[in-house]
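The values are calculated or read from the model by the stated rules, or taken from the named source; none is laboratory data. Since we're looking at a predicted model, the values are computed, not measured. Glycine gets a Cβ as well: all are built from the backbone with ideal geometry, and neighbour counts include every protein chain shown. Ligands, DNA and RNA are excluded from the accessible area calculation, which covers all protein heavy atoms including side chains. Shrake-Rupley method; radii C 1.70, N 1.55, O 1.52, S 1.80 Å.
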Amino acid sequence: MAADNNLRTDSLVVAAGRPPRRPGAPVNPPVVMSSTYVGADWPSGDELVYARYDTESWRPLEEAIGALEGSAERALAFGSGMAAISAALSLVPNGGTLVMPRHSYNTSLVAAKEHARLRGIALVEVDIADTAAVTEALDGADDLVLWVESPTNPMLEVADIAALAAAAHEREGIVIADNTFATPLAQRPLALGADVVVHSVTKYLAGHSDVVMGAVVADDGELWAALKAQRDVHGAIPGPWEAWLALRGIRTLALRIERSQRSALDLATRLEAHPAVAEVRHPGLASHPQHELAAAQMTGFGSVLTLRPRGGAAAASEIARAVRLWVPGTSLGGVESLIERRRRIPSEPVTVPEDLLRLSVGVEHVEDLADDLFAALEASQR
Ligand SMILES: Cc1ncc(COP(=O)(O)O)c(C=O)c1O
């Protein structure tokens, strides 16, 4: 059932994607395990046909994510964030120009480089926080797509989405925003001028580190149809259970984000004052280079922070080894707090410092997180 899109996002996460309300109806959508549907000899175009094209198991989730991002069209669910990103990259015309943050999620950059090589696309990597430099990179570009990730993973640079979207539109470009880090609860890129939003649903939306899924949101009917056609043909679809689990995760998104954002800012503030810390970065800290922009553009600062301890990469590795409550591992956005030295991943850009730890703050008690982290930090200095 389409929820009232005028609801606040905190209510939409609970209300969107419910089955039609009538006595005896379930409050949650069913999981339908069927690869095909009874066919009509003269199809009307409205009925379900085959489960690679559309299923009643995706629709509630797609309606919820579309509504959360403020789109008139429902989202399109994909089998992973990267499947969603690959579909979005297909919007860059052959021989066109793709301008992309040099610190985009590393596999997004790997995928972009592959598109560039195979399809004659000019890929221009930019510092997305430098609005003047990005605008310059857009000048003179043909068949332009501007990719925005804000805050970036893992450097947490903040892009001026409204200014960059306006600059790209002046040059007839399309703007695609990866909103995985902020979530629609903290940032709504379509309202800031983006044309397409991509998500790794794996992260905050699903929220429990038990699902890999992605989604694309496009408000414009033509872009939506192009993305749907891409999914129909390439078939990077999620299973019915994953879609159901992701929607169940979304029900508590507002509560989880409220807690984890508060804890992230609290921990970042305490870390900044610690003598064993060389640098801590979080958009909510006044010391963040784009703090004012983040405060104006976002309604929350996100739940990821980065930490560079004194003692370099060896100290960073030691912290990730020594923690007991924080989980050493990749990914983010789950209820459990995760910590990772990013450069252990071979495809991470070399401009990400070797000693940089990315911390995804979960929903545990902040004092337990602090005790564990500060004990590991102090152990790393011995
Ligand atoms: C910002 C961002 N976008 C996209 C992805 C890719 O998503 P998935 O792992 O679901 O394919 C990730 C994964 O870490 C990410 O952090």
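Our estimate of slack between HIS234 and GLU354, defined as 0.36 nm per intervening residue step minus the Cα-Cα distance, is 39.5 nm. For the chain, modelled as a GNM whose springs connect Cα atoms under 10 angstrom apart, the maximal fluctuation among ARG188, ARG281, ARG52 occurs at ARG52.
Determine the share of the chain's accessible area contributed by carbon and sulfur atoms, expressed in whole percent, with a 1.4 angstrom probe. After summing per-atom areas, the C and S share lands at 53 percent.
Using helices alone, what [θ] at 222 nm do you get for the chain, with -39,500 (n - 2.57) per DSSP H run of 4 or more residues, divided over all residues and rounded to the nearest 500?
Numbers: 12 runs with 135 residues, N = 382.
Estimated from H runs of four or more residues: -11000 deg cm²/dmol.
The phi-based Karplus calculation (6.51 cos²θ - 1.76 cosθ + 1.60; θ = phi - 60°) puts the 3J(HN,Hα) values of region 9-20 at 4, 4, 8, 4, 4, 8, 8, 6, x, 7, x, x Hz, whole numbers, x for Gly and Pro. With a Förster radius of 41 Å applied to the C-beta separation of GLU279 and SER11, the computed FRET efficiency comes to 0.60. Spacing of the modelled spin labels on HIS365 and ARG59, each 7 Å from Cα toward Cβ, amounts to 4.6 nm. Using a Gaussian network model on the chain with a 10 Å cutoff between Cα atoms, which of SER104, SER360, SER35 fluctuates the most? Fluctuation is largest for SER35.
Could you tell me which of rounded, prolate or oblate describes region 253-379, using a ≥ b ≥ c as the square roots of the eigenvalues of the alpha-carbon gyration tensor, with rounded for a/c under 1.5 and, failing that, prolate when a/b is larger than b/c and oblate otherwise? Please report the intermediate quantities before stating the final value.
On the way: a/c = 1.43, a/b = 1.23, b/c = 1.17.
Rounded.
For the pair ARG321 and MET33, label points projected 7 Å from Cα toward Cβ lie 4.5 nm apart. Take every Cα pair under 8 Å in the chain that's 6+ residues apart, average their separations, divide by the length, and report that relative contact order as a whole percent. Once divided by the residue count of the chain, the mean separation gives 16 percent. What residue among PRO26, PRO289, PRO93 has the largest mean-square fluctuation in a Gaussian network model of the chain, using Cα springs under 10 Å? Highest fluctuation among the options: PRO26. Per residue, the average separation of C-alpha pairs within less than 8 Å and at least 6 apart gives region 279-382 a relative contact order of 29 percent. For a test of the definition: using alpha carbon positions, the gyration tensor, and the 1.5 limit on a/c, classify region 9-250 as rounded, prolate or oblate. Prolate, because a/c is 1.5 or more and a/b exceeds b/c. Descending by average beta-carbon neighbour count within 10 Å, the peptides 69-81, 340-352 line up as 69-81, 340-352, the highest first. Here each label is just a point 7 Å from Cα along the line to Cβ, and for ALA40 and ALA166 those points are 4.7 nm apart. Each Lys and Arg contributes +1 and each Asp and Glu -1, all at the Cβ; summed about the Cα centre of the chain, the dipole is approximately 1040 debye. Across the protein chains, with a 1.4 Å probe defining accessible surface, the residues SER108, SER331 rank SER331, SER108 from largest area downward.
Based on protein heavy atoms only, the chain ends up with 42 Å² per residue of surface accessible to a 1.4 Å probe.
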